[in-house]
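Notes to accompany the following structure.
The values are calculated or read from the model by the stated rules, or taken from the named source; none is laboratory data. Please read these numbers as outputs of a predicted model, since none were measured by experiment. Note: ideal-geometry Cβ built from the backbone for every residue, glycine included; neighbour counts use all protein chains shown. All accessible areas refer to the heavy atoms of the entire protein, side chains included, with ligands and DNA or RNA removed. Shrake-Rupley method; radii C 1.70, N 1.55, O 1.52, S 1.80 Å.
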Amino acid sequence: MAAKSFDLVVIGAGPGGYVAAIRAAQLGMNVAIVEREHMGGICLNWGCIPTKAMLRSSEVFHLMHRAKEFGLKADGISYDLYAVVARSRAVAKQLNGGVGHLLKKNKVTALMGDATMPSKGVVSVTTDKGVEELRAPNIILATGARARELPGLEADGDLVWTYKHALTPPRMPKKLLVIGSGAIGIEFASFYNTLGTETTVVEVMDRILPVEDAEISGFAKKQFEKQGMTIREKAMVKQLDRAKGKITAHIEQGGKVTKEEFDTVISAVGIVGNTEGLGLEALGVRVEKTHVVTDAFCRTGVDGIYAIGDLAGAPWLAHKASHEGVMVAELVAGKNNVHPVKPESIAGCTYCHPQVASVGFTEAQAKENGFEVKVGRFPFIGNGKAIALGEPEGMVKTVFDAATGELLGAHMVGAEVTELIQGYVVGRQLETTEEDLMETVFPHPTLSEMMHESVLDAYGRAIHF
């Protein structure tokens, strides 16, 4: 079969790959995209979207139990785990179909199959109909990542789960151990704990949500413990003894090893890049610690080969991948003024209860980078909308450069902060100062007023606290 020629071939149709393909097509390129499993990738099918659907179910369940507080009556409250999962899968399926439609609409050639690069500028795709050869001067690697598995803690889908098993659980855990307290671990801990599972979280670092500001992590920990979670920091699961229907975890903490029995373990100890089988080494593409090494513009150092998203390193976020995809498409198209995606300007969001969101430097990072800082805080308890919502637990924290008034970072914990954070993201993108934010009129009554008050507090001007 003769090779088909394109201007660009994208390998992987997750939030990095399919966005890159669409933007390149918009810019007049002839584009092909190859996906081996699901259009929309992990994020849409097994990550961001279905987890949010499940967490929404647990949030509604939690609110139903609080009906009396709101002057409402709700008796015999319960849940159907399989219906919760079915809704989550239906949401993912709907969006999966949407990605296929968008690619078709933008005249992107989509192939389902396994891709490899036998030589520079060539992508060989093994489909269910045979092998197709694609040729292109530009190739974007967007193959994503998968769950890291530690020796002895490997998932079996029965007693030990990865995120995929946790999204389609064979049963409801009674006693759950979650290993790792990053976004994935904490979101699953929050979901199952809210539905009544006795939940323990083990984190090897000195605090949960270790990438967040220390104050925010500490606040979130207190809230999780109030909800009945057991949090064990500076701890490590050394061994899992599996037996019929139960698992014994050997947990080391403070130099002592204790044994505890669970019926389910979720392993959420990070990710590894999908670099295998692509032929990267033979082409001279550098891989370090399972991730492709790139410069700020996602160039691999091999002419015409780019890597974006989780494959190219932290932060492991869908929105980072999408923006890198757009950037590379514009770079390949020869557009002027293409700017690299700055990791410190990308917001991180965790959809546990309470939610956690942040952008930029933590207070500690700002100081480590040599800044003299001004820090503002405002609690949810001082905000009328938060009290009216019945969500008085939370805080907003802002970090400014004392010398210039530059907004260095913003950190939040509480209801809907994953939506609020974008205000500060836009502020950082526009290089706003404390003066601009102080003079901005925030609508009342809204949760966003706390963002204003936190800025005011950094300069000793908070009104409502």
**Fill in**
Within the range 188-219, residues among the aliphatic types (A, V, I, L, M) and not in a loop (DSSP other than H, G, I, E, B) come out as Ala189, Val201, Val202, Ala214, Ile216
**Complete:** Residue pairs within 8 Å by beta carbon, gap of at least six or interchain, first lying in the range 263-285 and of a type in the set (D, E, K, R), second surrounded by fewer than 17 Cβ atoms within 10 Å (Cβ to Cβ), listed first then second, are Asp263/Lys174; Asp263/Lys175; Asp263/Gly245; Asp263/Lys246
**Prompt:** Among the listed residues Glu439, Glu393, Glu453, which satisfies the condition of being within 18 Å of Tyr351 (Cα to Cα) and of a type in the set (D, E, K, R)?
**Reply:** Glu393
**Request:** Specify the residue that is surrounded by the most Cβ atoms within 10 Å (Cβ to Cβ); the eligible residues are those in the range 131-155 that are in a loop (DSSP other than H, G, I, E, B) and either over 24 Å from the mean Cα position of the chain (by Cα) or hydroxyl-bearing (Ser, Thr, Tyr) (or both).
**Result:** Thr143
**Asked** Going by the structure shown, is Pro379 of a type outside the set (S, T, N, Q) and open to solvent by 40 Å² or more (accessible area, probe 1.4 Å)?
**Response** no
**Prompt:** So which of Val413, Val399, Val426 ends up being part of a helix (DSSP H, G or I), at pLDDT 95 or above and under 27 Å from Glu187 (Cα atoms)?
**Reply:** Val426
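Conditions (1) aromatic (Phe, Trp, Tyr); (2) crowded, with 16+ Cβ neighbours inside 10 Å; (3) more than 23 Å from Pro170 (Cα to Cα), marked per residue:
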residue	(1), (2), (3)
Ala53	no, yes, no
Ser58	no, yes, no
Phe61	yes, yes, no
His65	no, no, yes
Phe70	yes, no, yes
Tyr79	yes, yes, no
Val84	no, yes, no
Ala92	no, yes, no
**Fill in**
Over the range 413-456, the set of residues open to solvent by 50 Å² or more (accessible area, probe 1.4 Å) and either under 26 Å from Ala403 (Cα atoms) or of a type in the set (Val, Ile, Thr) (or both) is Gln422, Val426, Gln429, Leu430, Glu431, Glu435, Asp436, Glu439, Thr440, Val441
**Request:** Please specify each residue of the range 320-359 satisfying the condition of being in a helix (DSSP H, G or I), closer than 29 Å to Glu187 by Cβ and either open to solvent by 30 Å² or more (accessible area, probe 1.4 Å) or not aliphatic (A, V, I, L, M) (or both).
**Result:** Lys320, Ser322, His323, Glu324, Gly325, Val326, Pro343, Glu344, Ser345
**Neighbours by Cβ (under 6 Å, 6+ apart or cross-chain): first from the range 105-119, assigned to a loop (DSSP other than H, G, I, E, B); second at pLDDT below 95 and surrounded by fewer than 16 Cβ atoms within 10 Å (Cβ to Cβ)** = Gly113/Thr126; Gly113/Thr127
**Message:** Can you tell me which residue is nearest to the chain's Cα centre (by Cα) among those in the range 275-297 that are among the charged types (D, E, K, R) and part of a loop (DSSP other than H, G, I, E, B)?
**Reply:** Lys289
